[in-house]
Amino acid sequence: MKHSKDPFEAAIEEEQEESPPESPVGGGGGGGGGGDGSEEGRIEIDQTQEEDERPVDVRRPMKKAKTSVVVTEAKNKDDDEEEEEENMEVELTKYPTSSDPAKMAKMQTILSQFTEDQMSRYESFRRSALQRPQMKKLLIGVTGSQKIGMPMIIVVCGIAKMFVGELVETARVVMAERKESGPIRPCHIRESYRRLKLEGKVPKRSVPRLFR
Amino acid sequence: MSNTPATAASKSKAAGTSQPQEKRKTLFQKELQHMMYGFGDEQNPLPETVALVEDIVVEYVTDLTHKAQEIGSKRGRLLVDDFLYLIRKDLPKLNRCRELLAMQEELKQARKAFDVDEKELVD
């Protein structure tokens, strides 16, 4: 897949130059000013023991919560929601079991033993997300209202991402049953979708869909 | 970001929708490719698979939002809680949404503190 130079891809490329998270490095991220004057300033709160070579804006107070976030300011400022001043794309590298040090350690050991292939796939899994401006457009079109709050967009993006996950994983199960290999084909996705519908994970329309 | 598909779609519409090459406006194509790879597909998923998944996801979001609107109309506005109510049975999704909302709150607080600190430094 070719890389375009939008802020999200640029963040990925910069991350790929660094090594994957390894055994704990002492303390949080170091100093260095954030580029908040420029359009694509990269501000990061580094609060877990992760790799050290990152531009970090230290003015933010460090919290005890183990969160590591890369915030990239996007260029378009067409958001008018009350909660947001700028349109921010947030990169989440927070471990899901952040409050449990034992689970965190377990996660670290697993991650350290990943092959390159596994690591690349895991990275894609963590970093990929449906784009919020597009989702906002879709939601405005569906609801007919002009304003959609930021939390709603975030929640729907999260739900949709997990739904894609269910689709793809079920499709892989279908492929294993049929003893096929290679890229997933539309027939697998359709079968996977049918199975999800039977499980009740897909909202059913009371009226059948017309005029697609 | 999605300017090219949009203008292509409008051009084909102006020329008449009975054109053989009708370009569909894709919303999430690029991100979906990364996402499908992350979830188990190949590094480069088939374009027809990505198109199908996009259609399914758009339909899913649309239906979910319609249902949420029905619930929300009883109290007046559409709220985030309507979506949370709809996925209440699906525990992984529900927990993930709670996590996302908590994280957004945290970020908001951090950003607020950052703005305050910056102002103090300027003065």
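Note on segment B:90-123: residues that are open to solvent by 90 Å² or more (accessible area, probe 1.4 Å) and under 21 Å from the mean Cα position of the chain (by Cα) amount to 2. Of the residues B:R96, B:R77, only one is more than 7 Å from chain A (Cβ to nearest Cβ) and over 17 Å from A:M135 (Cα atoms); which? Being more than 7 Å from chain A (Cβ to nearest Cβ) and over 17 Å from A:M135 (Cα atoms) holds for just one of B:R96, B:R77, which is B:R77. B:E54 passes every criterion in (1) in contact with a Ser or Thr (Cβ under 7 Å, 6 or more places away or on another chain); (2) acidic (D, E); (3) open to solvent by 50 Å² or more (accessible area, probe 1.4 Å) apart from (3).
Cβ separations smaller than 8 Å between residues 6+ apart or across chains give the following pairs from segment A:161-183 residues that are under 19 Å from B:L27 (Cβ atoms) to residues that are small (G, A, S): A:K161/A:S128; A:K161/A:A129; A:L167/A:S192; A:V168/A:S192; A:V168/B:G40.
The values are calculated or read from the model by the stated rules, or taken from the named source; none is laboratory data. If you're wondering where the values come from, they're calculated on a predicted model, not measured in any experiment. Here the Cβ is made from the backbone with ideal geometry for all residues, glycine too, and neighbour counts use every protein chain on show. Accessible surface areas use protein heavy atoms only, side chains included; no ligands, DNA or RNA. Shrake-Rupley method; radii C 1.70, N 1.55, O 1.52, S 1.80 Å.
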